[in-house]
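Each remark here refers to the structure printed beneath this line.
The values are calculated or read from the model by the stated rules, or taken from the named source; none is laboratory data. These numbers were taken from a predicted model, which means no experiment stands behind them. Cβ placement follows ideal geometry from the backbone for every residue including glycine, while neighbour counts extend to all protein chains displayed. Just so you know, the surface numbers come from the protein's heavy atoms only, side chains and all, with ligands and any DNA or RNA stripped out. Shrake-Rupley method; radii C 1.70, N 1.55, O 1.52, S 1.80 Å.
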Amino acid sequence: MRKKIGIITGSGPEAGIDLWQKILEENKNFLQDKFQGDLDAPDITILSIPQLGHSMELEKNYDMVWQTLKTAVQDICKKVDYFVIACNTLNVYENKILKIGFKHKFLSTLDVVKDYIEENKLKQVSIIGAMPVLEMKKFSVFKSLNDTFNVEVPTNFQEVHKLIYDVKKEGGESSFVVNNFKNIVDKLESKDVFLACTELPLIKLKYEEKNLIDVTQLLAKKLVEKTF
């Protein structure tokens, strides 16, 4: 019997929908000719919690957000074998998830990003995400990458943070959003750029000069593999 998987979302809710869709796509890609329809889809439980949206200002909401997330983790782990959090910023609670006894079920964004860098032997990469992620300090799940890899981040954190709010409000098809996103990417030296915020893959930008790596897609692929 296939393993059951779960998604915790709410920061923002569209990110959960996006991840769910990508899981379904990756499931078809994995099964190829063996996929026959609904009965071959993965078993997915989704918890969407609006209060997790406080993660955008994580430093002042750290304890409150954790209490909300902790309850969600405990609830979803009653129903699934593996779960992810559809928010790169919230993955910073990985150690706390370990302490309450559920790390063996949790697949983090750090896990899949490290795997991608190592598998593709990348020497320099860029990461674009929300303010807590970009600062590469206490509240960044990707902080440890600096110990092993050459990691570049945008110089203007506020510009990126505002862009993420604009995606939530205007959507990823807005020309205003697309142009601002392109301006940010243009300034990066690295060819390989991780989109480490679940809003960023929603922006409709095709980029030939850069390899825009959707962390959500990496999560989806790895989750599907774990169900078998």
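The separation of the range 21-61 from the range 188-228, counted between C-alpha centres, amounts to 15 Å.
Shape class for the range 178-228: prolate, because the ratio a/c of the largest to smallest gyration tensor axis (alpha-carbon atoms, square roots of eigenvalues) is 1.5 or more and a/b beats b/c. With the convex hull drawn around the C-alpha atoms of the range 95-169, the volume per residue stands at 118 Å³.
Relative to the Cα centre, the charge distribution of the chain, modelled as +1 at Lys and Arg Cβ and -1 at Asp and Glu Cβ, gives a dipole magnitude of about 660 debye.
For the chain, with all protein chains present and a 1.4 Å probe, just round the carbon and sulfur fraction of the accessible area to a whole percent.
Working: 5540 of 11630 Å².
Result for the chain: 48 percent of the exposed heavy-atom area is carbon or sulfur.
When the range 86-221 is described by a simple charge dipole with +1 on each Lys and Arg Cβ and -1 on each Asp and Glu Cβ, the residue from Val185, Leu200, Met136 located farthest towards its positive end is Met136.
Sorted on the mean count of surrounding Cβ atoms within 10 Å across their residues, most packed first, peptides 26-32, 38-44, 55-61 read 55-61, 26-32, 38-44. Over all directions, the average projected area of the alpha-carbon convex hull for the range 72-223 comes to how many nm²? Projected area, direction-averaged: 9.3 nm². For the pairs Lys138/Lys191; Lys162/Lys222; Lys114/Lys191; Lys143/Lys169, flag any whose C-alpha to C-alpha distance is greater than 22 Å. As for pairs spanning more than 22 Å Cα to Cα, those are Lys138/Lys191; Lys162/Lys222; Lys143/Lys169.
Bridging of Lys60 to aspartates and glutamates at a Cα separation below 16 Å is possible for Glu135, once same-chain residues fewer than 8 apart are set aside.
Looking only at the range 64-88, which residues have a backbone nitrogen under 20 Å from a spot 7 Å from the Cα of Asp43 in the C-beta direction? Residues passing the 20 Å test: 73-85. Using a/c under 1.5 as the rounded threshold, could you call the range 29-125 rounded, prolate or oblate? The axes a ≥ b ≥ c are square roots of the C-alpha gyration tensor eigenvalues, and prolate needs a/b larger than b/c, oblate otherwise. In terms of gyration-tensor shape, oblate.
Inter-label distance, His104 to Gln51: 2.9 nm, where each label sits 7 Å from its Cα along the C-beta direction. Each peptide in 193-200, 137-144, 122-129 receives the mean, over its residues, of other Cβ atoms within 10 Å, and ordering these scores from highest gives 193-200, 122-129, 137-144.
Look at where the Cα atoms of the range 142-187 and of the range 80-115 average out, and the two centres are 22 Å apart. Rg and Dmax over the alpha-carbon atoms of the range 140-228 stand at 14.0, 42 Å. Averaging the sequence gap over all C-alpha pairs within less than 8 Å and six or more residues apart, then dividing by the number of residues, gives the chain a relative contact order of 25 percent.
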